[in-house]
Amino acid sequence: MMGPAHSLSGAAAWLGVGAAFAAAGHPMPWPVLVVGALICAGAALAPDLDHKSATISRAFGPISRGLCEIIDKLSHSVYQATRGKGDPRRNGGHRTLTHTWLWAVLIGAGASALAMTGGRWAVLGILFVHLVLAVEGLLWRMARTSSDVLVWLLGATSAWILAGVLNQPGNGADWLFTGPGQEYIWLGLPIVLGALVHDIGDALTVSGCPILWPLPVGRKRWYPVGPPKALRFRAGSWVELKVLMPAFILLGGVGGLTALGWV
């Protein structure tokens with residue numbers, strides 16, 4: 001799937017989680033709902049760190065381009081070192097290591113640990129990175145016609161404002177984890193969810209996605225999970241643009257309204 005569809009699916013997924021919590025009698029504070037949706041929208045672009053042409057590769061200029069090259073080589077090395085007898089040879093690392101459940105969990109856990117131990121500046125950094133990615137994904141038309149600096153300024157300003165809102169009593173800094181020193185642990189949850197939603201989206205395309213690695217399936221350790229081939233589509237096709245993206249917008253809207261108790 002393409003970047004905009006990934007981001008929309010991430011935002012819709014978190015809003016759906018908010019609706020589920022509301023239905024269970026434990027509604028999220030509205031800042032958690034909003035911030036989580038934006039983080040999840042940004043995190044849904046992050047697995048493509050292994051692809052030099054992806055949205056995330058240009059989001060932070062030479063820093064993200066250089067990081068993409070490193071992750072691509074790392075992913076390819078891991079693939080070569082762990083591939084099973086049925087796995088084909090590859091020339092690059094796209095849709096390997098960063099497109100697995102294990103990567104999603106590790107990245108989310110790392111973000112939670114950083115948020116818990118790094119203080120306000122760590123939280124601001126996590127918010128900044130994911131809000132910039134959310135702008136790149138959700139507002140892609142604007143982002144592609146604007147300078148990178150403007151997008152970064154928007155991400156930084158939004159991160160500063162939203163961090164201040166979350167830090168107000170009752171607004172969600174300690175949502176879900178209420179023990180002393182456990183503020184902002186929950187920030188890792190939308191990051192895990194965003195990565196997994198990305199993987200599921202890619203699994204719907206013709207190439208599938210090795211979400212289950214390192215668990216073997218038959219003779220393959222990098223088994224490309226996906227529906228029957230007749231139900232798959234090509235990235236950027238009319239199915240993605242005309243069916244899935246409107247569906248994500250609709251589902252996200254219903255989920256958000258339900259989470260807020262408006263429906």
**OP:** Would you mind telling me which numbered condition in (1) part of a helix (DSSP H, G or I); (2) out of contact with any Leu (no Cβ under 8 Å at 6 or more places or on another chain); (3) at pLDDT 95 or above; (4) open to solvent by 30 Å² or more (accessible area, probe 1.4 Å) ILE191 fails?
**Re:** (4)
Original post:
Among the residues of the range 96-117, which ones are more than 19 Å from GLY218 (Cα to Cα) and either assigned to a loop (DSSP other than H, G, I, E, B) or open to solvent by 80 Å² or more (accessible area, probe 1.4 Å) (or both)?
Top reply: LEU106, LEU114, MET116, THR117
Subject >> Qualifying position, being modelled with pLDDT of 95 or more and farther than 21 Å from ASP148 by Cα, among GLY25, GLY36 >> reply: GLY36
Original post:
When both residues are 6+ apart or on different chains and their Cβ atoms are under 8 Å apart, which pairs have a first residue that lies in the range 167-188 and is among the β-branched types (Val, Ile, Thr), and a second that is open to solvent by 40 Å² or more (accessible area, probe 1.4 Å)?
Top reply: ILE185/MET116; ILE185/LEU176; ILE185/PHE177
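What are the residues in the range 205-225 that are over 22 Å from ALA81 (Cα atoms) and either at pLDDT 95 or above or open to solvent by less than 40 Å² (accessible area, probe 1.4 Å) (or both), if any?
At the first step, the residues of the range 205-225 found to be over 22 Å from ALA81 (Cα atoms) are 205-206.
Selection gives THR205 alone.
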Original post:
Do the conditions hold for ASP72, that is, is it under 15 Å from the mean Cα position of the chain (by Cα), of a type in the set (D, E, K, R) and part of a helix (DSSP H, G or I)?
Top reply: no
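If the requirement is being free of Cβ contacts under 8 Å to residues at least 40 places away in the same chain and within 21 Å of the chain's Cα centre (by Cα), which of these qualifies: VAL192, VAL225?
Details: VAL192 fails: free of Cβ contacts under 8 Å to residues at least 40 places away in the same chain.
Unique residue meeting the criteria: VAL225.
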**OP:** Could you list, in sequence order, all residues of the range 135-166 that are open to solvent by 80 Å² or more (accessible area, probe 1.4 Å), in contact with a helix residue (DSSP H, G or I) (Cβ under 8 Å, 6 or more places away or on another chain) and among the polar types (S, T, N, Q)?
**Re:** none
**OP:** Spot the failing condition for LEU250; the list is (1) open to solvent by less than 30 Å² (accessible area, probe 1.4 Å); (2) closer than 20 Å to GLY3 by Cα; (3) hydrophobic (A, V, I, L, M, F, W, C), and only one is missed.
**Re:** (1)
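Might you let me know whether the range 226-237 holds any residue that is open to solvent by 60 Å² or more (accessible area, probe 1.4 Å), in a loop (DSSP other than H, G, I, E, B) and over 24 Å from GLY84 (Cα atoms)? Explain how you work it out, then say what you get.
The initial filter retains those residues of the range 226-237 that are open to solvent by 60 Å² or more (accessible area, probe 1.4 Å), namely 228-231, 234.
With in a loop (DSSP other than H, G, I, E, B) added as a condition, the list becomes 228, 234.
From the residues that got through so far, the ones that are over 24 Å from GLY84 (Cα atoms) too are 234.
There is at least one residue in the range 226-237 that is open to solvent by 60 Å² or more (accessible area, probe 1.4 Å), in a loop (DSSP other than H, G, I, E, B) and over 24 Å from GLY84 (Cα atoms).
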**OP:** Could you run through the range 12-32 and say how many residues are of a type in the set (A, V, I, L, M), assigned to a helix (DSSP H, G or I) and more than 15 Å from the chain's Cα centre (by Cα)?
**Re:** 5
Original post:
Can we say GLY3 is open to solvent by less than 30 Å² (accessible area, probe 1.4 Å), among the small types (Gly, Ala, Ser) and at pLDDT below 95?
Top reply: yes
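The values are calculated or read from the model by the stated rules, or taken from the named source; none is laboratory data. This is a predicted model, so every value here is computed, not measured. Here Cβ is always computed from backbone atoms with ideal geometry, including for glycine, and neighbour counts include all displayed protein chains. In case anyone asks, the SASA skips ligands and DNA or RNA and just uses the protein heavy atoms, side chains included. Shrake-Rupley method; radii C 1.70, N 1.55, O 1.52, S 1.80 Å.
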